[in-house]
Amino acid sequence: MGFGYALYEERVMDQLSGVVLNPNFETYKMAALGDIPEIDLVLLDMPERGVIGIGEPVTIPTAAAIANAVANALGVRVPSLPITPPKVLAALGKVKTGGAA
Amino acid sequence: MTPFQYATASSPASALELVSGNGRYLAGGIDLLGEMKEYIAEPKMLVNIKALPGLDKIESGEKSWTIGANVTISELEDHAELKTVFPGLQQAAAEVGSRQIRNVATVGGNLAQHSRCWYYRHRDILCLKKGGDTCYARHGENKYHSLFTGNTCISPVVSNLSIALAALDAVVIVQRKGEDKPARMSIAQLYAKAWDNPTAHHSLEPGDLILKVEVPIQQGRSAYIQVSEKSVFDWALVSCAVAGKMDGAKISQARIVLGAVANVPYEVPEANKVLEGKVLDEALANQAADVLLERAHAHSENGYKIPIARTLVRRALMQLKA
């Protein structure tokens with residue numbers, strides 16, 4: 001979930017009519033198996049914590065971690081999610097914000 | 001989906017007969033069934049063409065390879081010999097949809113597929129392509145749209161195979177109504193109408209049936225690459241196919257074709273001429289890309305496609321050297 005949040009998932013709405021243009025998984029893009037890198041699992045053996053939930057909390061730092069990695073690779077920050085090709089090119093100064101040349 | 005009749009054609013002639021009067025051909029159904037579920041296509045008759053004899057084969061001849069319209073994209077992708085003869089075509093096939101889609105989708109269907117523009121595909125929107133009077137993408141959400149068009153519609157051609165086949169100078173064999181012999185169309189001819197006419201996805205008329213594709217055997221090399229948002233199972237933001245003959249470091253008979261940037265596979269003869277007989281290096285590839293992209297017209301959100309296209313042209317041409 002955090003992965004899609006960082007790189008893919010975005011609701012696209014026509015600004016004039018308010019119609020959602022990507023009400024399907026073709027253009028509302030979700031990460032599939034081929035998109036996900038190998039994941040290292042670290043199990044924390046902390047019986048003193050008791051049983052605790054895991055779900056939403058892990059989605060929050062994932063996008064931040066990926067955004068940091070992108071910033072580290074590019075030398076500039078991409079200021080909004082998802083980090084898409086047009087935004088990366090805009091951050092690098094190759095195109096204007098919004099993608100217009 | 002609205003009700004429809006279903007029939008299986010046993011010959012091209014019976015297919016043409018059955019389809020007349022608001023019918024559509026059904027092969028893989030990948031594109032058609034999506035349109036039907038969204039009420040964008042409401043055919044009265046579906047004509048199954050999967051049983052047509054001889055259209056599911058890949059055959060090599062002296063001068064060309066023949067690929068039947070019912071060959072699946074997976075068969076194209078997995079064909080061992082084709083990989084070495086036309087690597088560009090194999091790479092284009094491997095980037096289509098997901099494996100499940102490629103197992104079902106056919107060559108004919110890939111070439112004849114309709115626009116993926118999200119205004120066109122939305123059941124509640126009557127856009128220019130569907131016979132309305134406005135291209136909403138022009139002043140709306142257009143990050144997936146065209147940099148080049150000959151009309152007002154800016155939805156791009158999204159067939160991967162058309163891009164590779166254009167670079168390979170392929171000929172599409174089409175059976176048309178009232179003609180004894182099937183017509184032979186270049187890829188440029190197959191899409192020319194979409195350049196001029198906003199409601200056209202290609203030049204085929206209702207009832208026209210793609211039978212085969214002939215790919216001439218060249219002494220040269222070919223390559224296809226695309227950039228998508230996702231790593232797999234995604235449409236190209238921009239794709240590029242190249243073909244050419246390498247004589248040492250020099251390139252000749254080069255073809256560069258861009259996909260997902262125009263309503264046709266986009267080619268500029270002057271860009272190909274830049275390369276003719278010259279030593280292929282990155283600087284030359286950039287020169288060709290500049291000529292190819294000279295007339296690009298970016299809209300509010302698709303200008304990023306220009307630097308991507310430029311990079312893809314360079315990378316694809318460099319693959320010819322290897």
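One line per residue, one yes/no per condition, for (1) more than 25 Å from A:Val12 (Cβ to Cβ); (2) over 17 Å from the mean Cα position of the chain (by Cα):
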{"position": "A:Asp40", "(1), (2)": "yes, yes"}
{"position": "A:Met46", "(1), (2)": "yes, yes"}
{"position": "A:Ile54", "(1), (2)": "yes, yes"}
{"position": "A:Ala64", "(1), (2)": "no, no"}
{"position": "A:Ala73", "(1), (2)": "yes, no"}
{"position": "A:Val78", "(1), (2)": "no, no"}
{"position": "A:Pro86", "(1), (2)": "no, no"}
*Pair list, Cβ under 6 Å, 6 or more apart: region B:128-151 residue more than 14 Å from B:Ala194 (Cβ to Cβ), other residue of a type in the set (Ser, Thr, Tyr) and surrounded by 21 or more Cβ atoms within 10 Å (Cβ to Cβ)*: B:Tyr136/B:Tyr119; B:Ala137/B:Tyr119
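Restricting attention to region B:102-136, and to residues there that are more than 9 Å from every other protein chain (Cβ to nearest Cβ), outside any helix (DSSP H, G or I) and over 20 Å from the mean Cα position of the chain (by Cα), which single residue is nearest to B:Glu38 (Cα to Cα)? Spell out the reasoning first.
Start the filter on region B:102-136 by keeping residues that are more than 9 Å from every other protein chain (Cβ to nearest Cβ), which leaves B:102-115, B:117, B:120, B:123, B:126-135.
Next, only the ones that are outside any helix (DSSP H, G or I) stay: B:105-106, B:113-115, B:117, B:120, B:123, B:126-127, B:131-135.
Narrowing further to those that are over 20 Å from the mean Cα position of the chain (by Cα): B:123, B:126-127, B:131-135.
Values: B:Arg123: 5, B:Leu126: 12, B:Cys127: 14, B:Gly131: 16, B:Gly132: 17, B:Asp133: 20, B:Thr134: 20, B:Cys135: 19 Å.
Filtering region B:102-136 for residues that are more than 9 Å from every other protein chain (Cβ to nearest Cβ), outside any helix (DSSP H, G or I) and over 20 Å from the mean Cα position of the chain (by Cα), the one nearest to B:Glu38 (Cα to Cα) comes out as B:Arg123.
Is there a residue in region A:36-53 that is more than 14 Å from chain B (Cβ to nearest Cβ), part of a loop (DSSP other than H, G, I, E, B) and within 21 Å of B:Ile308 (Cβ to Cβ)?
Scanning region A:36-53 turns up no residue that is more than 14 Å from chain B (Cβ to nearest Cβ), part of a loop (DSSP other than H, G, I, E, B) and within 21 Å of B:Ile308 (Cβ to Cβ).
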*How many residues, within region B:285-320, are more than 30 Å from A:Gln15 (Cβ to Cβ) and either assigned to a loop (DSSP other than H, G, I, E, B) or touching a Cys at 6+ places or on another chain (Cβ under 6 Å) (or both)?*
3
*Can you name the strands (runs of 3 or more DSSP E) wholly within region B:199-258 that have at least 1 residues being within 14 Å of chain A (Cβ to nearest Cβ) and under 16 Å from the mean Cα position of the chain (by Cα)?*
B:221-227, B:238-247
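Give me the residue from region B:43-63 that is of a type in the set (Lys, Arg) and closer than 21 Å to B:Gln90 by Cα and, out of that set, least open to solvent (accessible area, probe 1.4 Å). Walk me through how you get there before you give the answer.
So in region B:43-63, the residues of a type in the set (Lys, Arg) come out as B:44, B:50, B:57, B:63.
Subsequent filtering for residues that are closer than 21 Å to B:Gln90 by Cα retains B:57, B:63.
Numbers: B:Lys57: 98, B:Lys63: 163 Å².
Per the stated criteria, the residue is B:Lys57.
If you go through region B:210-217 one residue at a time, do you hit one that is open to solvent by less than 30 Å² (accessible area, probe 1.4 Å), in contact with a Lys or Arg (Cβ under 6 Å, 6 or more places away or on another chain), in contact (Cβ under 8 Å) with a residue 40 or more places away in the chain and not β-branched (Val, Ile, Thr)? Before you say what the answer is, go through the steps one by one.
Step one: of region B:210-217, the residues open to solvent by less than 30 Å² (accessible area, probe 1.4 Å) are B:210-211, B:213, B:215.
If we keep only those that are in contact with a Lys or Arg (Cβ under 6 Å, 6 or more places away or on another chain) as well, we get none.
No, region B:210-217 contains no residue that is open to solvent by less than 30 Å² (accessible area, probe 1.4 Å), in contact with a Lys or Arg (Cβ under 6 Å, 6 or more places away or on another chain), in contact (Cβ under 8 Å) with a residue 40 or more places away in the chain and not β-branched (Val, Ile, Thr).
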*touching a helix residue (DSSP H, G or I) at 6+ places or on another chain (Cβ under 9 Å), surrounded by fewer than 18 Cβ atoms within 10 Å (Cβ to Cβ) and within 14 Å of chain A (Cβ to nearest Cβ): does that describe B:Glu282?*
no
*Of all residues in region A:1-29 being open to solvent by 80 Å² or more (accessible area, probe 1.4 Å), touching a residue at least 12 places away in the same chain (Cβ under 8 Å) and assigned to a loop (DSSP other than H, G, I, E, B), which is nearest to the other protein chains (Cβ to nearest Cβ)?*
A:Arg11
*What number goes with the only condition from (1) more than 18 Å from B:Ala112 (Cα to Cα); (2) in a loop (DSSP other than H, G, I, E, B); (3) touching a strand residue (DSSP E or B) at 6+ places or on another chain (Cβ under 7 Å) that B:Pro53 does not pass?*
(3)
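The values are calculated or read from the model by the stated rules, or taken from the named source; none is laboratory data. What you see is a predicted model, and the numbers here were worked out from it, not measured in a lab. All Cβ positions, glycine included, derive from the backbone under ideal geometry; neighbour counts span all protein chains shown. Each accessible area value is taken on the protein alone, full model and side chains, heavy atoms only, with ligands, DNA and RNA left out. Shrake-Rupley method; radii C 1.70, N 1.55, O 1.52, S 1.80 Å.
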